[in-house]
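Quick notes on the structure that follows.
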Amino acid sequence: MARRIIVVGGGISGLAAAHRLVELGREKEIGLEILLLETGQRLGGAIATERIGEFLVEAGPDSFISEKPWALELCQRLGIAQRLISPNPTGRNIFVVHKGSLQPLPNGFLLLAPTRLWPLIRTPLFSWRGKLRMAMEIFLPRRRADGDESLASFVRRRFGAEVLERVAQPLIGSIYAADPEDLSLAATMPRFLEMERKNRSVILAMRRSGQEKAGSGPRWSLFLTPAGGMQELIDAIVKRLPTGTVRLGAKVTGLFRNATKKTWIVSVNEGETLEADGIVLATPAYVAAELLSFISSELYEDLSAIPYSSTATVSLAYPEEAITRRLAGFGFVVPAKESLKIMACAFSSIKYAGRAPEGSVLLRAFVGGALQLWLLDQDDRAMEASVHEELAELLGVRAKPLFSRIHRHPRSMPQYRVGHRERLQRIETHLKALPRLALAGNAYEGVGIPDCIHSGEKAAEAVLEALLNRQPSID
């Protein structure tokens, strides 16, 4: 009799889990019935691509990094690796808003730290006092205290307040939509922690490893995306799932254990019940907490304590001639001290080919995050107007947008606050008491697409391994 594994949640983590179970079932020649339950009427979660004429608009993530291999490996297994494209090889600058204008991030500035002297000397982003404070990092001792530390504390301690306020906060904010004062260094940027532990000076460690050659900010050559948008990845996964695997509009309202048969009972849409040998919960942590609240009070407490922030993307299209300042880069980030509503902006049609027709420009601004949650209370018209106004000031836009698209992502970005790793250890301990149940998603060990895919695949493998090491299937 086929063993049933239910995956709850149809975002990228849940899809990766379901797909991995299909692969494993075929590889091991096991009879598996895989059922993916999704509350909404579409799959992919935050990932969605919309075609508007010749424009390609991303609702959520527009790419993934290849440095973490799991997304690229999945694309290869799906047969879509040949569809992947890299960012435009020219104009890979990233800008920072400073005193109301765009300033390029100095070459060799890698997220938190400078690695090249001359670009640092020349940049107007920092005062001479701030530059000298950064240079002092090579003489500072290691941190002696144990325990987790906030990212803000680390940057302030190693490089000074100016680096935190003018570069680290906006760059990290654009990735995690978080306040660096709360963000766990160990959970988000562990390599910088290791650099200090092993080499004392972070700057010297990066220079020795050659990472200064990566250029400004993110290592753009590592970014990949399907030529037709991120939706191609979702569609390719769904195409590989057997007919009948996916149920849309299936809201899971309860999760229980059948102690006699040692199976799971899943309540769907306040009436139907399904029995399963194993469960993958690929939902936000707060949803998983509610589903497990009657099974484990400890899991409920730790899962519900993971906070989330909300964001929105505002995509605006303009005639090229309406933008009077040259878009010589991939976008800009905005320090909180600039008091703008935009958190960051990507020059989508500059960054990737095929995002806008010739003679047009597509921009994508980001609003909200942990530092400006109240901006999500605006209606679409007010949000579009405020974003357009700030883009007009920063980029010299002299026309109304050809169109706009706003995509809201409420409670979508988990906040890896100080102590996050310790919380994950407790969650792992609690899960040991619940055989053949695993958690997946961006709330645990990474928020990027590769992290989510890895999370889903690991959860699938763990549930199947536990199932095969035991026990009878459903009658």
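Taking the C-alpha atoms only, the angle from helix 12-28 to the longest principal axis of the chain is near 50 degrees. Projecting the Cα atoms of Ser455, Met206, Ile237 onto the dipole axis of the chain, where Lys and Arg carry +1 and Asp and Glu carry -1 at the beta carbon, places Met206 farthest toward the positive end.
State, as an integer percentage, the relative contact order of the chain based on alpha-carbon contacts under 8 Å between residues 6 or more apart. Normalised by residue count, the contact order of the chain is 25 percent. Charged neighbours of Pro124, selected by a Cβ distance under 13 Å, balance to +3 (K, R count +1; D, E count -1). Taken about its Cα centre, the stretch 280-405 carries a charge dipole of about 660 debye when Lys and Arg each add +1 at the Cβ and Asp and Glu each add -1 at the Cβ.
For the stretch 109-210, compute Rg over Rh where Rg is the Cα radius of gyration and Rh is the Kirkwood radius from the inverse mean 1/r over Cα pairs. Intermediate values should be presented prior to the final figure.
Numbers: Rg = 12.8 Å, Rh = 13.7 Å.
That ratio equals 0.93.
Compute the separation of the alpha-carbon centres of the stretch 412-450 and the stretch 306-382 and state it in Å as a whole number. The stretch 412-450 and the stretch 306-382 have Cα centres spaced 30 Å from each other.
Each stretch of four or more DSSP H residues adds -39500 (n - 2.57); spread over every residue of the chain, this sum gives -9500 deg cm²/dmol at 222 nm. Per-residue Cβ neighbour counts within 10 Å put Ile30, Ile237 in the sequence Ile30, Ile237, beginning with the fewest.
Would you please name the GluC sites (Glu not before Pro) within the stretch 1-74 that are DSSP coil residues with at most 14 other C-beta atoms within 10 Å of their C-beta?
Working: sites: Glu23, Glu27, Glu29, Glu33, Glu38, Glu50, Glu54, Glu58, Glu67, Glu73; in loops: Glu29, Glu54, Glu67.
In loop regions of the stretch 1-74 (DSSP not H, G, I, E or B), the sparsely surrounded GluC sites (Glu not before Pro) are Glu29, Glu54, Glu67.
FRET efficiency for the Ala336 to Ile138 pair, using the beta carbon distance and R₀ = 30 Å, is estimated at 0.60.
Values in this text are rule-based calculations from the coordinates and carry no lab data. No experiment lies behind these values; they were computed from the predicted model shown. Please note: Cβ atoms are built from the backbone with ideal geometry, for glycine as well, and neighbour counts cover all protein chains shown.
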